[in-house]
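*Asks:* Please find one structure pasted underneath; my questions will follow.
Values quoted throughout were computed directly from the atomic coordinates according to the rules given, and no laboratory measurement underlies them. On a predicted model such as this, the values are computed, not experimentally measured, just so you know. Ideal geometry is used to build each Cβ from the backbone, glycine not excepted, and the neighbour counts take in all protein chains shown.
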Amino acid sequence: MKALFFIAFAAYAVSVILEFTGTAFRKEKLLRAAWIAFLAAFALHTVFIVARGVAARRLPLSNQFEFANGFAWGVALFTIAVCTRMKTEWLKVAAIPVTLLIMTYAALQPMEIRDLMPALRSAWFGVHIGSAVLSYAAFVIAGCIGARYLILSKKEGDNQKALDQMDFLSYRLVSFGFLFLTVVILSGAIWAEQAWSAFWTWDPKEVWALITWIIYAVYLHLRLRGKKKGRQMAWYLVIAVFVVFFTFAGVNTLLHGMHTYG
């Protein structure tokens, strides 16, 4: 099973190399090859997740390796969905490397399949952690769009149509991610009350999830009120992604708490 993971990892790496090379030299054949390699990697990645779930007899999202693996899969899924639906070729050069980056982090974590801890044996397990995967992935793709916005807005020429598309798409993704992060926090509170007899314990993971929620709530407020737009909001999304990554990995590494196993 580990071999399947690393084959998918290698396919993602190949897609990144081809994407960068094709973009640098403006070779359409290389860009098409990069996309094919990315789709193949995603297919292998999906097979690995299903196989691990069958072997573990549970949803494979119980530890840092499994969550990182699922997170990378979610980013890849959003990349494929957005690029296919919206014909956003400009997204690939930012989103494909991020998928590989998260896969690299996953590869550095212990991969052994372990039984669920008693606190994780709950009907809320899938809702809480699955929603986290979707929300984080949506925020990361929105951050990738923000980065592309900043690059494209500096170039000469009539790019306003593409910029408007990026602005709207990033807003839709943040809205989606915010909804699911709200589900994460609410389901986590209910789950915590059942497991630890308290809805809120000020655990570092809880605190940083709330901080992330507030940051994106501010984004939506500014966006909906029309107070900020364009490059300012693109910068906001890029910076906010670092908060997402800290909530995802930094808290587990630097701040120990009841979610350290997660």
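*Asks:* Report the calculated FRET efficiency for Lys229 and Phe20 (r = Cβ-Cβ distance, R0 = 35 Å), to the nearest 0.05.
*Replies:* 0.70
*Asks:* Using a/c under 1.5 as the rounded threshold, could you call the chain rounded, prolate or oblate? The axes a ≥ b ≥ c are square roots of the C-alpha gyration tensor eigenvalues, and prolate needs a/b larger than b/c, oblate otherwise.
*Replies:* Oblate is the answer for the chain, as a/c is 1.5 or above yet b/c matches or exceeds a/b.
*Asks:* Please identify the DSSP H helices in the chain that span no less than 24 Å along the helix axis (Cα) and have a mean Kyte-Doolittle hydropathy of 0.5 or more.
*Replies:* Span-like helices, by this rule, are 2-25, 28-56, 64-86, 89-107, 124-152, 160-196, 204-225.
*Asks:* Rank Val127, Trp90, Ala137 by how far each Cα sits towards the positive end of the charge dipole of the chain (+1 on Lys, Arg Cβ; -1 on Asp, Glu Cβ) and give me just the farthest.
*Replies:* It is Trp90, whose Cα lies furthest towards the positive end.
*Asks:* How much length, in nm to one decimal, is gained on full extension between Ser175 and Ala10, taken as 0.36 nm per residue of separation minus their Cα-Cα distance?
*Replies:* 56.1 nm
*Asks:* Measure off 7 Å from each Cα along the Cα-to-Cβ vector at Arg114 and Gln194, then give the distance between these two points in nanometres to one decimal.
*Replies:* Once both label points are built, they end up 2.2 nm from each other.
*Asks:* Roughly what would the spin-label model give for Ala56 and Met1, points 7 Å off Cα along C-beta, in nm?
*Replies:* So the two model labels end up 0.8 nm from each other.
*Asks:* Take the alpha carbon atoms of the stretch 164-237, find their center, do the same for the stretch 101-144, and report the distance between the two centers in whole angstrom.
*Replies:* About 17 Å separates the Cα centre of the stretch 164-237 from the one of the stretch 101-144.
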